[in-house]
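The values are calculated or read from the model by the stated rules, or taken from the named source; none is laboratory data. Just so you know, these numbers come straight off a predicted model, no measurement behind them. All Cβ positions, even for glycine, are placed from backbone atoms using ideal geometry, and neighbour counts span all protein chains on display.
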């Protein structure tokens, strides 16, 4: 078997000529097993010599070089239908405003990191741009949406690095916090009256954002615990059925803020919501309606 020093340039050369490529193609090229090829690829990605896709073909990502991004459209046929819909929409519109999208669209855009780049203005507005366009290409479109004069500058910068796999990004940002460390009391309160819950648990609100008054609210708060006050991102939803999409969106928002998530709701979780909750570090509390 060839040594590592010989194989790295051989793999890089293959990707330069044929990228994006699958791990199995690389293993055949170097006449080795896929596990060994995967280990070398992992090292090349770590040193940023090779890029890896977030989307997968049959469970495997593809590997490519900088400058080959325009060839990633070969992944389109392997995307889920929901991802294809936002892919098509973003490609057509070039830029999308996060607050004007439906919840499922916001979740889907956060999942197609190969094609959707998150941008954040200096005023905190979140936009999504088509991955092949530069900030300069879409700046005038953002100005039109925000009704800003064309001559006025609007600082925008990438919020999420598109070249890192979503799973790895979330895992490295996830705060180390055991559920037992934060104890929140169960209390029956009137549907929509989250203030009593905050008072009962001595939560200190640092920041509050109204999405829909008394129906959909975001908070940054300090929650008392055995190890001291812990800062949480809190999502409140006054809704009869809370879906997996509701949880996904709140979870991604908490990861963007690098904070653990506390989800307050007045309704019930759907079956898909219950399944999603099993694999995520999310604290969820139901604010039950008084009889």
Worksheet entry | Residue count, region 1-21 (criterion: surrounded by 13 or more Cβ atoms within 10 Å (Cβ to Cβ), part of a loop (DSSP other than H, G, I, E, B) and modelled with pLDDT under 95) | 1
Discussion item. Just to be sure before I move on: is residue 216 surrounded by 15 or more Cβ atoms within 10 Å (Cβ to Cβ) and outside the structural domain of residue 124 (by TED's automatic domain parsing) in the structure I sent?
Written reply: yes
Worksheet item: Is it the case that residue 114 is on the phi < 0 side of the Ramachandran plot and either crowded, with 19+ Cβ neighbours inside 10 Å or modelled with pLDDT under 95 (or both)?
Response: yes
Discussion item. Consider region 241-258. How many of its residues are part of a loop (DSSP other than H, G, I, E, B) and either crowded, with 20+ Cβ neighbours inside 10 Å or modelled with pLDDT of 90 or more (or both)?
Written reply: 1
Worksheet, complete the sentence: Quick count over region 223-237, residues being surrounded by fewer than 20 Cβ atoms within 10 Å (Cβ to Cβ) and modelled with pLDDT under 90, is 7
Worksheet item: Out of (1) within 20 Å of residue 142 (Cβ to Cβ); (2) at pLDDT below 95; (3) more than 15 Å from the chain's Cα centre (by Cα), the odd one out for residue 90 is which?
Response: (2)
Worksheet item: Of all residues in region 211-235, how many are under 19 Å from residue 101 (Cα atoms) and either touching a residue at least 12 places away in the same chain (Cβ under 8 Å) or assigned to a loop (DSSP other than H, G, I, E, B) (or both)?
Response: 6
Practice prompt. Being under 16 Å from residue 82 (Cβ atoms) and either crowded, with 17+ Cβ neighbours inside 10 Å or under 12 Å from the mean Cα position of the chain (by Cα) (or both) is the filter here, so list the residues in region 93-103 that pass it.
Written response: 96, 101
Discussion item. So in region 48-61, with the set limited to residues that are free of Cβ contacts under 8 Å to residues at least 40 places away in the same chain and more than 14 Å from residue 15 (Cβ to Cβ), which one is surrounded by the fewest Cβ atoms within 10 Å (Cβ to Cβ)?
Written reply: 59
